[in-house]
Amino acid sequence: MSIEALAAQLAAAHRERTSVTIVGGNTLRGMGRPAATATGILSTAGLNAIVEDAPADLTIAAQGGVTLRTLAQTLAPHGTHVPFDAPVASEATLGGTLAAGWLGPRRHLYGRPRDLVIGSTIVLADGTLARAGGMVVKNVAGYDMSRLYVGSFGTLGVLAQVNLKTLPQPERRRAFAVRLPEHTRGRAIAVLSSLRVPPAAAFWIEGFAAQIDGDDGLEGRLLVFLECSATILEAATRDLRSALGRAGVPETRVIDAGVRESFERAIDAYVACIGERSITYRVNGPLDEAENAALGAIELARRFELRTDSLVDVMNGDVILRVSDLDARALGSKIEMFDDALHDLAPRAIVIAGNHPSRPLLNVWGALPEGFERMRALKHRFDPHGVLNPGRFVGGL
Amino acid sequence: MLHERLIDALGADAVKTAPEDLAVYAFDAYTTGRLPSAVVLPRSTNDVSAVVRIARAYDEPIVPRGAGTGLCGGAVPACGGIVISFTRMNRLLEFDPVRRRARVQPGLVNLELSKQIASSGLFYAPDPSSQKVSTIGGNVATNAGGPHCLSYGTTVNHVLGLEIVDERGDVFQTSIDDTGYDLTSALVGSEGTLGIVTAVWVRLLRQPESTRVWLATFPDVEAASDAVSAIVANGIVPTALEMMDRTAARAVEAAFHAGYPTDCGAVLLIENAGYEDDMQACESALAAIARERGATSWRAARSQNERDALWAGRKGAAGAMGRISPNYYLQDVCVRRSTLPKALHAVEEIARTYRLTVANVFHAGDGNLHPMLCYDKRDPSQVQAVIESGNEILRAAIALGGTVSGEHGIGFEKREAMTAVYSTDDLAAMARVRDVFDPQRVLNPEKIFPSGSACPEVRPQSA
């Protein structure tokens, strides 16, 4: 499919007052509300061309349907990467990842996905093509429209092409798996962000045994990823191990083989579902409150007699909490009440995964943001007939 | 009466109405606009709200102004109105070293922020060359860059949230952690056309463990540009990669005695920061690349003083131009890094055609050119030559796939050039955002968007 064909499909929908649900790799299908009205499906799968690979400029332009895996494979020979860290990279698309506003665990080091976007071509609700930015790395000519489209959940337009800044890949990666007895947890987590070489990613994990390596038995575990030059890898390793040792952690196991795969499994766990009997939330808050936020949410789930798997991105303060029950019916009897109680505790909690039939009844986007009235006005100005993903985004945008 | 209403609201000392006072606000560092009806100096967000309400009642446009160091008229009244100057809203409101962030008023001077928090080991990364005087609010309006945005990113990457007074005088907050549309990113770089920034949450970074500065000289700018491309293509993104041609290096050396060689064709100033061991490895890699690309000399700053001296020369380069020319026009275009040699060649040709001296001091690592065209404003033919060659440089950049502003903004000086980069549909999408935030076009009117009938949707909607 061409961008023009996609534009024609939207123009027709706009004319005929019908609407579309936009689908990329469908890997984040657990995000957002169901469409408010019956819609056609608009797939970006055919928009899968690398438009321009410019390694000498450290930039690349790709169509919205290109998968993150393809993008990574294109960049790998140049020694560069675009660390978006969205789950299921083999299927997740560039456009979908950006539209969903995905935030990965390495953003504290490499920046948010939006910070790498230098240009875009968007198909607006009436089928008009609008370009923003370009292929230069600094550009202040007009509003930064590309960043507005990032995180708009496909409700302002369809990202047909995205131009990106690429980053040099780190020379070395190394992973560390650590058992984390409760009495060591607070200190262990705290030392990570003050290390001389802060980890590229670090997770405190409880559960997720089927997805992520390591058996935590009754204790949680830490999974830490270092990314740095060969020159400082050993020093960084020593620092990390001795800091964790001082925090009282019993043993730090070094993993050098399959580091990338291990990292990807942790990312995939964000959206891993247990049949129809789980719902996964993301709660983001200040880094120094992440541990307590996670403990509070876990404790709440236990009060509802829900099972929990949790993953806390301790470098960014994201808490990923999967609640589940014996079967879909058992979960269905509690999940709405749990959802209310969780939002009392963490008003901005959002749902990121889950196939349970009651998911549409949950407060999947959390509390309305302060600027919501302006967001609604923007939606109306860009898509007055509600062609694009009607009602799927926060507050029914 | 407008003046009385403003004085009632803000006090007599916060309102300027005398023609000789107003005249100052018709200018920025380069452009000239129209006299404002009044200039106000608010002390608080409430003051700003009050001014906006009064302005609306009297049908006066509103022009926010930081330090007035802009070069394209962003802070200059294009059609009169009330100038809101933020010089008195210059405080650091909150500093949270644990969460590495600060909340500041828009009138706080950029460098002042990093100075006030220096003892914490943190710093604010965006560093436009004007940072000794330019304000955070002005930097937010233009999404200011600076030498170090090569690795740290421009202002938008360092803004966590904003407090905004809207076109009705109401206050709202944005945060990049909000669900929904990223209003913060839309507002940063909007040159005061979408709302008036009254507070900014900024992200702070840990000061690097080790900072190195090197100076390489080359026989000509082409060789230096090749070296820049080679550095980037080798996967090294230093914290800064700045170039100066012979004309600029001579002016700087005459003014600052920074230690720049004056007998070479181009000077490359390289800074990198990070872990001490990495910097040593980086030094050998950079020196090898420079040598391969024909560097005639290579020098490492050995102390903080030497580093500061090399940087002082770079940051003061525009000021040093006074040594060689009564006036200069500073252009700002950005091209793909790999097209730098072509772009520099084009600039040189254009200057030759118009018989102008050009000096180049620029952010080579980003492909962000800053040709300075020397002229004497008392000679009308030279003024005309500068205007025409400035436009030709824009066209040359566009022809190379570049853009008409890398970091200074569009203001009113460059707004007609927007049609050369963007289609009517592209601009109409931007205008939709404007329609939502400023339907009556009262916030900094006649900026960014081209005038004229080429873009019907760009004009205000009929109410």
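The values are calculated or read from the model by the stated rules, or taken from the named source; none is laboratory data. The model shown is predicted, which means the values in this text are computed figures rather than measured ones. Using ideal geometry, Cβ is built from the backbone for each residue, glycine included, and neighbour counts are taken over all protein chains shown.
Residues that are in contact (Cβ under 8 Å) with a residue 60 or more places away in the chain and among the aliphatic types (A, V, I, L, M) were ranked within the stretch A:53-70; the one that is farthest from the other protein chains (Cβ to nearest Cβ) is A:ALA62. Does A:ASP318 satisfy the criteria of being out of contact with any Phe, Trp or Tyr (no Cβ under 8 Å at 6 or more places or on another chain) and away from every other protein chain (no Cβ under 14 Å)? So A:ASP318 does not fit the description; no. Assessment of the stretch A:264-278 against the conditions (within 14 Å of chain B (Cβ to nearest Cβ), farther than 22 Å from A:LEU223 by Cβ and in a loop (DSSP other than H, G, I, E, B)) yields no matching residue.
Could you say which residue among A:ARG29, A:ARG15, A:ARG33 is at negative phi, assigned to a helix (DSSP H, G or I) and basic (Lys, Arg)?
On the way: A:ARG29 fails: assigned to a helix (DSSP H, G or I); A:ARG33 fails: assigned to a helix (DSSP H, G or I).
One residue alone meets the criteria, A:ARG15.
For the stretch B:285-331, name all the residues that are under 18 Å from B:GLY259 (Cβ atoms), among the polar types (S, T, N, Q) and in contact (Cβ under 8 Å) with a residue 24 or more places away in the chain. Of everything in the stretch B:285-331, those that are under 18 Å from B:GLY259 (Cβ atoms), among the polar types (S, T, N, Q) and in contact (Cβ under 8 Å) with a residue 24 or more places away in the chain turn out to be B:THR296, B:SER297.
Would you be able to tell me the number of residues in the stretch B:3-29 that are more than 30 Å from B:TYR329 (Cβ to Cβ) and either in contact (Cβ under 8 Å) with a residue 60 or more places away in the chain or basic (Lys, Arg) (or both)?
Within the stretch B:3-29, the first condition is being more than 30 Å from B:TYR329 (Cβ to Cβ), and the residues that meet it are B:3-15, B:17-18.
Keeping just the survivors that are either in contact (Cβ under 8 Å) with a residue 60 or more places away in the chain or basic (Lys, Arg) (or both) gives B:5-6, B:14.
Going through the stretch B:3-29 one residue at a time, the tally reaches 3.
Between B:THR155, B:THR198, which is in contact (Cβ under 8 Å) with a residue 24 or more places away in the chain, away from every other protein chain (no Cβ under 13 Å) and of a type in the set (Val, Ile, Thr)? From the options B:THR155, B:THR198, the qualifying one is B:THR198.
Taking into account only those residues within the stretch B:431-452 that are touching a strand residue (DSSP E or B) at 6+ places or on another chain (Cβ under 7 Å) and part of a loop (DSSP other than H, G, I, E, B), which is farthest from the other protein chains (Cβ to nearest Cβ)? The residue in question is B:VAL442. Taken over the stretch A:117-142, the criterion of being over 20 Å from A:GLU52 (Cβ atoms), among the hydrophobic types (A, V, I, L, M, F, W, C) and at the interface with chain B (Cβ under 7 Å from one of its Cβ atoms) is satisfied by A:LEU124, A:VAL140.
Given the criteria at pLDDT 95 or above, of a type in the set (Lys, Arg) and assigned by TED's automatic domain parsing to the domain that holds B:GLY161, does B:ARG56 qualify? Criteria not met by B:ARG56.
Scanning the stretch B:5-18 for residues that are surrounded by fewer than 18 Cβ atoms within 10 Å (Cβ to Cβ) and not in a loop (DSSP other than H, G, I, E, B) yields B:ILE7, B:ASP8, B:ALA12, B:ASP13. Out of all the residues in the stretch B:87-127, which are in contact (Cβ under 8 Å) with a residue 24 or more places away in the chain, over 30 Å from B:GLY169 (Cα atoms) and in contact with a helix residue (DSSP H, G or I) (Cβ under 7 Å, 6 or more places away or on another chain)? B:PRO97, B:PHE123, B:ALA125, listed by residue number. Of the numbered criteria (1) within 14 Å of chain B (Cβ to nearest Cβ); (2) surrounded by 21 or more Cβ atoms within 10 Å (Cβ to Cβ); (3) within 30 Å of A:ALA200 (Cα to Cα), the one A:PRO347 fails is (2).
Looking at this structure, is B:GLU112 in a strand (DSSP E or B) and surrounded by fewer than 24 Cβ atoms within 10 Å (Cβ to Cβ)?
Details: in a strand (DSSP E or B): no; surrounded by fewer than 24 Cβ atoms within 10 Å (Cβ to Cβ): yes.
Judged against the criteria, B:GLU112 is not a match.
One residue alone among B:ALA248, B:ALA254, B:ALA216, B:ALA227 is over 16 Å from B:ARG299 (Cβ atoms) and either surrounded by 21 or more Cβ atoms within 10 Å (Cβ to Cβ) or within 22 Å of the chain's Cα centre (by Cα) (or both), and that residue is B:ALA248.
Candidates in the stretch A:30-44 are the residues that are within 23 Å of the chain's Cα centre (by Cα) and surrounded by 15 or more Cβ atoms within 10 Å (Cβ to Cβ); of these, the one that is farthest from A:TYR270 (Cα to Cα) is A:LEU42.
Any residue that is within 14 Å of chain A (Cβ to nearest Cβ), in contact (Cβ under 8 Å) with a residue 40 or more places away in the chain and in a loop (DSSP other than H, G, I, E, B) - is there at least one of those in the stretch B:358-374? Full working, then the answer.
From the stretch B:358-374, those within 14 Å of chain A (Cβ to nearest Cβ) are B:362-370; that's our starting set.
Now narrow it down to the ones that are in contact (Cβ under 8 Å) with a residue 40 or more places away in the chain: B:362-366, B:368, B:370.
Filter once more, keeping what is in a loop (DSSP other than H, G, I, E, B): B:370.
Yes, that holds for at least one residue.
Take the conditions charged (D, E, K, R), touching a helix residue (DSSP H, G or I) at 6+ places or on another chain (Cβ under 6 Å), farther than 25 Å from A:ALA200 by Cβ and buried (at least 16 other Cβ atoms within 10 Å of the Cβ) and apply them to A:ASP339. Does it pass? So A:ASP339 does not fit the description; no. Only one of the listed residues (A:ARG253, A:ARG277, A:ARG221) is modelled with pLDDT under 95 and buried (at least 17 other Cβ atoms within 10 Å of the Cβ). That residue is A:ARG221.
Listed here are the helices (runs of 4 or more DSSP H) enclosed by the stretch A:53-149 that have at least 1 residues being crowded, with 23+ Cβ neighbours inside 10 Å and in contact with a strand residue (DSSP E or B) (Cβ under 9 Å, 6 or more places away or on another chain): A:68-75, A:94-99, A:145-149. A residue that is buried (at least 23 other Cβ atoms within 10 Å of the Cβ), at pLDDT 95 or above and at the interface with chain B (Cβ under 7 Å from one of its Cβ atoms) occurs somewhere in the stretch A:376-391.
Contact annotation: residue pairs with Cβ atoms under 6 Å, 6 or more positions apart or on different chains, pairing a residue in the stretch B:64-86 that is over 20 Å from B:ASN110 (Cα atoms) with a partner that is crowded, with 24+ Cβ neighbours inside 10 Å and basic (Lys, Arg), are B:VAL83/B:ARG65.
Is it the case that B:VAL165 is more than 9 Å from chain A (Cβ to nearest Cβ), closer than 27 Å to B:GLY365 by Cβ, aliphatic (A, V, I, L, M) and surrounded by 24 or more Cβ atoms within 10 Å (Cβ to Cβ)? No; evaluated as a whole, the condition is false for this residue.
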